[in-house]
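Take a look at this one; I'll ask things after.
Only the coordinates and a few stated rules stand behind these numbers; no lab work does. Predicted, not measured: the structure shown is a model, and the values here were computed from it. Cβ coordinates were reconstructed from backbone atoms using ideal geometry, including for glycine residues, and neighbour counts include every protein chain displayed.
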Amino acid sequence: MTRKLAMLATAAAIVAVPQIAQAGCNGPACSGFSSTANYSASDKRVRATVTNKEQTPIHLKFCVNVDYHCNGFDVTIAPRETITKDVAFSGAKPPKIAAVDVVTAEFAGAHPAAAGGTTGVASVAVLAVDTPRGKVTYVAAKQAIVTPLLTKAVELFRTADSSFHEAKAHAEKLVAMSEKLGSMKDAGNQVYEVTNKDDGKVRDEAHIAQHAQLGLSHFNTTLKMAETNAANAATNLAISQDDLLMAKDIQYARDFRARAEKIRGDFNLLFKAIGTGADVAVIALSDPGSKVNAALSIAQKMVDLFDGDYSLFAEAEKLEAEAVKIGVGNAEKKLHSANIYLQQLKQVLTDLKARLPEYKTLVERDWSTAEKNYDKAAKANKKDFNFDNLQQAIDEAQRTIDLVRTSTEAAYGAREALRKVGEAAGEYTADGGGRIVAVMIDDSSTAFNWGIKARPSAELLLKKFNAMYAMAHGSMQ
């Protein structure tokens, strides 16, 4: 069972989204704290919470980032202490961005070491760093503060600069593709006209694809049922200390609770994978550009995991029987409920195993055949709209959105870091270090401001293309 659980963890990782905590932080204590930021509509404020996880005080300089506006704080947090900082927000809608951006994190009393990559210029009292806009020089006395900030600023600036130019090229291409596809009304009329000129062949294939989609909707429902049963079972497998207060044998009750917790831990991998598979299925059926292969793969691994081996389910049943013997009524009720949900889950998994071949066959009868034949007919009838161009437009819109997001976030981070460089460096040498920093700040602002305007436009086009996809399918039937 342990080996099978490891296989399932790999399956769940298919749609895992990587997270990078405090990517802009500099200093030796960057891994020593945790932070969150939450918006309260009733209080009209963003509350930032920062916790020192270490046994040593930490000195933090951070911003509460509310829609890219930096609200700065400089604090020292005692060991294991949690602090909160509130920032008022009067917007009509909740802020799109609410985050804690930490600039520096140092253990109190410590001094950051100088970063590598600097070289002496003119004398040992001056340092220099190459940037995409020229060499920035500053007095060596500021090295401990300036070098980490400038190194991070240059890294972010390079990302923002390259992504900005690439995003602009894709945005222009996206507009041209949208114009080529035409309006929703024109596309619908073209699809209707073409599907009535091939003796109903495309229309028949569209009906087959629609039937397959309905069958896959059942697959989606089955996975959601499994997810619900698994979640309810997990809740009832959690045995608390209070649930054991009336136990006849306290020591035995403690051992009993430990075994219950182990079973619950083993089930957690299954519960997570079931939820992942259900989420993938929902995405696959709601997004025209997606397929259900990932959800089917996870479902197959779920079935393989319990292919005749329901030992964990049996262990949960034993725990319920033991709960009766040791006189722990609350625990008995919880475990009884858990076992009801586990029996339902077992039945869902059994049904899933029986119907997986059918679901896999349905995937093969998707819309691609109808779309390809429509495109051939559209070309023969000299029509502008076709599914191949539409799918390319959807991919292009998503690519543009991703690039704009990368450029905007990096530009914001670069600009803030560069401003802090300017504040910390004080006197620049006479060869233009300060001027170069100013140029990089201006260029970062240009990329940021363009991205703030470009992203909603790209998202609107993506919404249009997905609606056009659904409309075209409807017109084919």
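Applying 1/(1 + (r/R0)^6) with R0 = 22 Å to the Cβ-Cβ distance of residue 391 and residue 185, what FRET efficiency is obtained, to the nearest 0.05?
Rounded to the nearest 0.05, the efficiency is 0.60.
Then there is this: Pairs 372/453; 173/224; 61/142; 93/420: which are spaced more than 28 Å apart, C-alpha to C-alpha?
Where the Cα-Cα span goes over 28 Å, the pairs concerned are 372/453; 173/224; 93/420.
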